[in-house]
Amino acid sequence: MTRLSRRRLLGQAASALALAATPLRAAPPALDIVATTGMIADAARNIGGDLVNVRALMGSGVDPHSYRQTRSDIVALTRADHVLWHGLYLEAQMEDMLLKLSRRGTATPVGEAVPRAQRIAHDEYEGRFDPHVWMAPALWVHVLRAVRDALTTLAPAHADTFAANTDAYLARITQLDIYAQEVLSTVPPASRVLMTAHDAFGYFGRAYGFEVIGVQGISTESEAGLNRIRTLSTLLAERDIRAVFVETSVSDRNMRALAEGAAAQNHEVRIGGSLYSDAMGKPGSYEGTYIGMIDHNVTTIAAALGGQAPERGMDGLLQAGL
Ligand SMILES: [Zn+2]
């Protein structure tokens, strides 16, 4: 065999190998994304589709204000291709680690994509803001775009897919916002008072014209004192507020105490339902998605405060009797 033909044969073998390897190369390894909250994980799944593996650190019913990272969380956070966290001091106990990762460029606080002018200032701390921006779908749009941009930076070859997924998802978010406006506008104006376990609904109230009163403050870390419970019980009686709400990620103790306090003043208050404030519902359920979470809240609030809402929500997907 001459040198030339041998080289040719080797060349052919190499291209045969390259051909055999092509199908493997066509499916790139998915990006490993770690999200702190379920809401951010849901955003990453909708925008990243098959191109991302997403893990949420905080599951259903978990309070992000008090959540501390576990040892396995630390491993996941450091090994991920990228970490998407909320910021605005929501993950108060994880702040140091998340800031460190962000300085390294392996984490992004996507909640901080909401422009300053649209944030609600914190009552007690200057330069701090109410972190609960997911409560207003129109604000959540900023966060969705930030998630899209973070994924695009990680995998620029898939920019078109991320952009198309984002546009399709934004159309559903617009529908959700329209549904919320329609249903909540059926609540009689005098009854547009939302009393909940902690101050998570400020953005919701601003978006849909509700006065919002949280028994605890913007964070769940402060305890509500007996005086606060007494004052609010009186307010319920004076303003003839008939329903208050519990939250899936906060103890219902204060809300039950409130209802008892109002009853002692001959004013009957019922628990209007359980709202998803800082965590979504069970994984795999409709309420375990961002859209399902907001649909549930809007539908429950409207029905409990004297408005009209379809029993199973925007798309008929809500579980009955929750
Ligand atoms: Zn909260």
(request) Consider only pairs whose beta carbons are under 6 Å apart and that are at least six residues apart or on different chains; among these, list those whose first residue lies in segment 295-322 and is closer than 21 Å to Arg172 by Cβ and whose second residue is open to solvent by 10 Å² or more (accessible area, probe 1.4 Å) and of a type in the set (Gly, Ala, Ser). (result) Thr299/Ala309; Thr300/Gly273; Ala302/Ala309; Ala309/Ala303
(message) Take the conditions farther than 24 Å from Pro131 by Cβ, open to solvent by less than 50 Å² (accessible area, probe 1.4 Å) and away from the ligand (no atom under 16 Å from the Cβ) and apply them to Ala309. Does it pass?
(response) yes
(request) Output the number of residues of segment 35-53 satisfying the condition of being open to solvent by less than 30 Å² (accessible area, probe 1.4 Å) and outside any helix (DSSP H, G or I). (result) 4
(request) Please enumerate the residues belonging to segment 95-122 that are buried (at least 23 other Cβ atoms within 10 Å of the Cβ) and within 15 Å of the ligand (Cβ to nearest atom). (result) Gly111
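Please verify whether Ala159 is open to solvent by 40 Å² or more (accessible area, probe 1.4 Å) and either part of a helix (DSSP H, G or I) or assigned by TED's automatic domain parsing to the domain that holds Gly205 (or both), treating the condition exactly as stated.
Criteria not met by Ala159.
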(request) Identify, by number, the condition in (1) without any contact (Cβ under 8 Å) to a residue 24 or more places away in the chain; (2) within 16 Å of the ligand (Cβ to nearest atom) that Ala168 doesn't meet. (result) (2)
(message) Restricting to segment 119-144, name every residue that is under 22 Å from Ser66 (Cβ atoms) and of a type in the set (Phe, Trp, Tyr).
(response) Tyr125, Phe129, Trp134
(request) Pick out the one residue from Val54, Val114, Val75, Val141 that is touching a His at 6+ places or on another chain (Cβ under 6 Å) and without any contact (Cβ under 8 Å) to a residue 40 or more places away in the chain. (result) Val114
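Would you call Tyr169 open to solvent by less than 30 Å² (accessible area, probe 1.4 Å), aromatic (Phe, Trp, Tyr), in a helix (DSSP H, G or I) and assigned by TED's automatic domain parsing to the domain that holds Val62? It would help to see each step written out before you state the result.
Numbers: open to solvent by less than 30 Å² (accessible area, probe 1.4 Å): yes; aromatic (Phe, Trp, Tyr): yes; in a helix (DSSP H, G or I): yes; assigned by TED's automatic domain parsing to the domain that holds Val62: yes.
So Tyr169 fits the description; yes.
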(request) Return the residue satisfying two criteria in turn: it lies in segment 123-155 and is open to solvent by less than 10 Å² (accessible area, probe 1.4 Å) and assigned to a loop (DSSP other than H, G, I, E, B), and of such residues it is farthest from the ligand (Cβ to nearest atom). (result) Ala136
(message) Residue under question is Tyr203, and the condition is that it be open to solvent by 20 Å² or more (accessible area, probe 1.4 Å), of a type in the set (Phe, Trp, Tyr) and not in a strand (DSSP E or B); does it hold?
(response) no
(request) Could you tell me which numbered condition Asp32 fails, if it satisfies all but one of (1) modelled with pLDDT under 50; (2) touching a strand residue (DSSP E or B) at 6+ places or on another chain (Cβ under 7 Å)? (result) (1)
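The values are calculated or read from the model by the stated rules, or taken from the named source; none is laboratory data. Everything quoted here is computed from the prediction, not taken from an experiment. Methodologically, a virtual Cβ is constructed for each residue, glycine included, from the backbone with ideal geometry; neighbour enumeration extends over all protein chains shown. These accessible areas exclude ligands, DNA and RNA; they are computed on the full protein's heavy atoms, side chains included. Shrake-Rupley method; radii C 1.70, N 1.55, O 1.52, S 1.80 Å.
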